[in-house]
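Novice: Provided herewith is a single structure, encoded as structure tokens, for subsequent inquiry.
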Amino acid sequence: MSVRPEDLKDDRFGERLKRSLGTTPARLSLRLERLTAAGLRPGERDDRSKLLWHELGIQWIGLGLAVVLVLGILPWTLTHIIAPAIPSSPTLLGMLASPGSLGPLTLPLGLLLFVEAMRGAPTLRRWLR
Amino acid sequence: MGDTLSQESDPPAAEIRALWREGRIEEARLALVHETQHSVFRFLKAMMRDEDLAQDLAQDTFMRAFQSLGSFRGEAKATTWILAIARNLALNRSRRLRLEQRWQQLTDQPPDLADREAVPEPGEPRLTAALAALPSAQREAIVLYYVEDLGIDDVARITGRPANTIKSDLHRARAALRAVLEERQDSATGIGERGVIR
């Protein structure tokens with residue numbers, strides 16, 4: 001609601017004031033129009049109507065994929081790449097190839113994945129691009 | 001800054017909001033510029049009494065507005081929302097200029113007298129000079145009310161002063177300006193320091 005009392009009504013006075021203050025100089029207008037692109041990539045669209053759960057969903061899918069990828073690759077890497085490089089010892093090989101050997105890695109990996117997920121999985125997105 | 005300034009919605013504000021929500025950020029910013037640039041410039045020119053400073057601050061105002069466009073819900077007029085940003089920036093700049101002037105006095109450097117001259121205005125120099133001579137509270141009230149056509153409630157919200165104070169400021173300012181305009185003699189009018197809001 002806009003309150004404009006009758007006793008203060010004076011359109012002519014307002015017009016005169018407006019005229020005396022002038023309008024935006026053309027150079028400033030141009031500068032302001034150029035500023036509208038500041039910080040945006042050409043043609044970039046950033047749809048703000050997306051719901052929060054949509055954004056979070058993508059992040060959690062990213063996190064899930066990262067976990068599956070790591071859990072899938074790690075035993076294979078241990079068996080086929082790391083183990084042959086180590087002098088053959090059945091006990092050592094058994095320890096490396098067994099799922100139990102992943103135990104000490106759980107905490108650092110979990111932390112890394114958690115940070116990645118909280119940042120919106122940028123590394124994963126970069127890989128997928 | 002949220003737009004809790006008014007419950008009234010206007011079509012340009014709704015359009016800006018819709019563009020932003022669709023992710024057409026550049027178009028939303030452009031619509032804001034087209035809708036409000038003259039108001040922002042006029043307000044800052046009246047408050048700072050210096051066209052260069054007004055231009056500089058107008059640019060800062062739009063940069064700040066672009067950053068917080070997401071918090072603009074389109075319920076208030078776009079002009080009301082952006083003028084509140086412009087006012088904050090103008091007050092901050094004015095405080096800084098005042099400190100710089102004090103520093104200049106302390107270091108015994110004579111102020112630049114040429115820079116304190118009134119800016120000659122092409123249209124109505126006497127009116128502009130009289131406006132510049134008003135106390136800042138009256139000046140901002142008169143510009144927001146008569147030039148930007150805002151309601152008393154919006155002016156009160158932007159300036160943070162009670163509506164009754166705004167009304168009496170408007171009456172006083174209008175009387176002072178009318179007195180100057182009715183004077184036939186083109187006497188020199190005292191003008192405050194440019195860039196410093198008093």
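A short reminder: the numbers here are calculations on the coordinates, not readings from a lab. What you see is a predicted model, and the numbers here were worked out from it, not measured in a lab. Glycine gets a Cβ as well: all are built from the backbone with ideal geometry, and neighbour counts include every protein chain shown.
Novice: Please identify every one of the trypsin sites (Lys or Arg not before Pro) in segment B:30-102 that sits in a loop by DSSP and has no more than 14 other beta carbons within 10 Å of its own beta carbon.
Specialist: On the way: sites: B:R42, B:K45, B:R49, B:R64, B:R73, B:K77, B:R87, B:R93, B:R95, B:R96, B:R98, B:R102; in loops: B:R49, B:R73, B:K77.
Counting only loop positions with at most 14 other Cβ atoms within 10 Å, the trypsin sites (Lys or Arg not before Pro) in segment B:30-102 are B:R73.
Novice: On to the next question. Please give the peptides B:156-162, A:116-122 ranked by average Cβ packing (other Cβ atoms within 10 Å per residue), highest first, as a rough proxy for protection.
Specialist: Highest mean packing first, the order is B:156-162, A:116-122.
Novice: Here's something else I'd like to know. Using a 10 Å cut-off on Cβ to Cβ distances, tally the other chain neighbours for every residue of A:3-14 and report the average as a whole number.
Specialist: Other-chain Cβ atoms within 10 Å of each residue's Cβ, averaged: 5.
Novice: Over all residues in B:164-177, what is the mean tally of Cβ atoms on other chains that come within 10 Å of each residue's Cβ?
Specialist: 1
Novice: Right, next: Within 10 Å of each candidate Cβ there may be at most 16 other Cβ atoms; applying that plus a DSSP loop requirement, which GluC sites (Glu not before Pro) in segment B:1-104 survive?
Specialist: B:E8, B:E22
Novice: Neighbouring Cβ atoms within 10 Å as the yardstick, rank A:V68, A:V3, B:V143 fewest first.
Specialist: Least crowded to most crowded, the residues run A:V68, A:V3, B:V143.
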